[in-house]
1. What are the pairs with Cβ atoms under 6 angstrom where one residue, in the stretch 19-31, is more than 13 Å from Arg99 (Cα to Cα) and outside any strand (DSSP E or B) and the other, located anywhere, is modelled with pLDDT under 90 and of a type outside the set (Lys, Arg)? Sequence gap at least six, or different chains.
2. Identify the residue in the stretch 98-120 that is under 16 Å from Leu60 (Cα atoms), assigned to a loop (DSSP other than H, G, I, E, B) and among the charged types (D, E, K, R) and, among all such residues, is modelled with the highest pLDDT.
3. Here's a check for you: in the stretch 121-135, which residue that is at pLDDT 90 or above and among the hydroxyl-bearing types (Ser, Thr, Tyr) is farthest from Thr33 (Cα to Cα)?
4. Looking at (1) at pLDDT 90 or above; (2) under 24 Å from Leu113 (Cβ atoms), which one does Asp52 not meet, given that it meets all the others?
5. Looking at Thr80, Thr40, Thr74, which is the one that is part of a strand (DSSP E or B), touching a strand residue (DSSP E or B) at 6+ places or on another chain (Cβ under 6 Å) and modelled with pLDDT of 95 or more?
6. Being part of a loop (DSSP other than H, G, I, E, B), modelled with pLDDT of 95 or more and among the hydroxyl-bearing types (Ser, Thr, Tyr) is the filter here, so list the residues in the stretch 136-170 that pass it.
7. List pairs: first in the stretch 121-134 and assigned to a loop (DSSP other than H, G, I, E, B) and surrounded by 16 or more Cβ atoms within 10 Å (Cβ to Cβ), second β-branched (Val, Ile, Thr) and at pLDDT below 85, Cβ under 6 Å, 6+ apart or cross-chain?
Amino acid sequence: MKKVYCWAYAIGIALSLNSAAQASEAYVGCGQTELLHSNTSIKFVGAKETEDEVGDRRELYWHLKSLDGDFAGTFDVISTIIGGDTKTGHDVRVDGLLRLPNGNIFLLGRTSLEDATDTERSGNAAQQVDLTVTGGTEEFADASGGVTITVPESDKNHLENRPMTINLSC
């Protein structure tokens, strides 16, 4: 009989932990959602280690959370240099993927970076980057709209708790 109670107790704890984990997950749906994203990795991939060229890219990985701090998903970005240089700035194509618990959102945009090889920063100070929704899966299969990312002022940490506004029509 003690074994039955131990198993029942263990199952009860597991179910409680599972419910608590699910409760701390933010929901992103149609309409407007405000999130914060923090960087976990930026990697510059170039043909030459000390020079940048058209076709070189940066791979960025971010964690998403609600304004209340609840986990919302991840944000993967590949920005590819399509023109410019470190002296005049880079034109970059931005391909993004929001991986959310209820589906994926595919994004595309174009912006400029002062120096795309600088992995200590992500974006120019106080810049807004607008990305267009190009497709999605699951709940976002028919979604359209855009995402606006706001880069902090130059004296702020560029890689943590950056505002992101998602506007979706579904």
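1. Cys30/Cys170
2. Ranking the qualifying residues of the stretch 98-120, first place goes to Asp115.
3. Among those residues, the one meeting the criterion is Thr134.
4. (1)
5. Thr74
6. Once the filter is applied, which keeps residues that are part of a loop (DSSP other than H, G, I, E, B), modelled with pLDDT of 95 or more and among the hydroxyl-bearing types (Ser, Thr, Tyr), the stretch 136-170 yields only Thr137.
7. Listed by first residue and then by second, the contacts come to Gly123/Val151.
Per-residue answers, yes or no, for (1) more than 16 Å from the chain's Cα centre (by Cα); (2) surrounded by 16 or more Cβ atoms within 10 Å (Cβ to Cβ):
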position: Ala26; (1), (2): no, yes
position: Glu34; (1), (2): no, no
position: Glu51; (1), (2): yes, no
position: Asp56; (1), (2): yes, yes
position: Tyr61; (1), (2): no, no
position: Asp68; (1), (2): yes, no
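The values are calculated or read from the model by the stated rules, or taken from the named source; none is laboratory data. Note that this is a predicted model, so its numbers are computed, not measured. So basically every Cβ, Gly included, is an ideal-geometry build from the backbone, and we count neighbours across all protein chains shown.
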